[in-house]
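The values are calculated or read from the model by the stated rules, or taken from the named source; none is laboratory data. Treat the numbers as computed from the prediction; the structure is a model and nothing was measured. Positions of Cβ are generated from backbone atoms using ideal geometry, with glycine treated the same way; all protein chains shown enter the neighbour counts.
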Amino acid sequence: MGVYEENIIPVKIAHLAEYVSRVKRISLDDALVYIYVNPMYERLYNENAKWWYLSTEALYEEFEHRRSRRQVEVPKEVFEFYTYCLENYATRKQISGMRAWMVFKESGADEYLIDNYDLLHTQGMDYIIDDVQRFINRRRR
């Protein structure tokens, strides 16, 4: 993915979050959750599809369409925990949030965190990040 795409997608997400917040009359935080748990979010990073060229309104319609087809919903508190872990991982590793998200997706760490929420959310962030890193390292072997 080129530099342009890496820079435009966060801007598109910000505009989309503001739009979702306004249209659905929800907080900006809830709008971000709406975006991040939607299967369409991952597709934004598909270089060949070039979804980032769509207008905010068209992206919203596509998100709504994908959301209506989604069968399994992640509870909000679990997703917030996942997001918090992702942000802390990116900060500790000194990488972008997008890069951290890609590492989590490629290794399955995203599913690991969601599936083990009940146990992990009771632990400290240092333990969680170390545990996630061990998980990622095992997957890379």
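Results, tabulated for the structure shown:
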| read-out | value |
| --- | --- |
| Checklist (1) under 17 Å from VAL33 (Cβ atoms); (2) surrounded by 13 or more Cβ atoms within 10 Å (Cβ to Cβ); (3) within 16 Å of the chain's Cα centre (by Cα) applied to GLU77, failing item | (2) |
| Breaking point among (1) closer than 22 Å to MET102 by Cα; (2) surrounded by 12 or more Cβ atoms within 10 Å (Cβ to Cβ); (3) modelled with pLDDT of 75 or more, for SER21 | (1) |
| Selected residue [of a type outside the set (A, V, I, L, M), part of a helix (DSSP H, G or I) and over 24 Å from ILE9 (Cβ atoms)] from ASN137, ASN88 | ASN137 |
| Members of the range 31-51 found to be assigned to a helix (DSSP H, G or I), of a type outside the set (Ser, Thr, Tyr) and under 13 Å from the mean Cα position of the chain (by Cα), listed by number | ALA31, LEU32, VAL33, ILE35, PRO39, MET40, GLU42, ARG43 |
| Test for ILE35: is it farther than 21 Å from ASN7 by Cα and in contact with a Phe, Trp or Tyr (Cβ under 9 Å, 6 or more places away or on another chain) | no |
| Residue satisfying all of: in the range 26-64; acidic (Asp, Glu) and modelled with pLDDT under 80; surrounded by the most Cβ atoms within 10 Å (Cβ to Cβ) among these | GLU42 |
| Filtered residues of the range 101-124 (kept if surrounded by 15 or more Cβ atoms within 10 Å (Cβ to Cβ) and in a helix (DSSP H, G or I)) | TRP101, MET102, VAL103, PHE104, SER107, ALA109, ASP110, TYR112, LEU113, ILE114, TYR117, LEU120 |
| Breaking point among (1) over 16 Å from VAL33 (Cβ atoms); (2) out of contact with any helix residue (DSSP H, G or I) (no Cβ under 8 Å at 6 or more places or on another chain), for ARG140 | (2) |
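Let's see how each residue does on (1) touching a residue at least 40 places away in the same chain (Cβ under 8 Å); (2) of a type in the set (Phe, Trp, Tyr); (3) more than 15 Å from PHE79 (Cβ to Cβ):
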site: ALA100; (1), (2), (3): no, no, yes
site: PHE104; (1), (2), (3): no, yes, no
site: TYR112; (1), (2), (3): no, yes, no
site: LEU120; (1), (2), (3): no, no, no
site: GLN123; (1), (2), (3): no, no, yes
site: ASP126; (1), (2), (3): no, no, yes
site: ARG134; (1), (2), (3): no, no, yes
site: ARG138; (1), (2), (3): no, no, yes
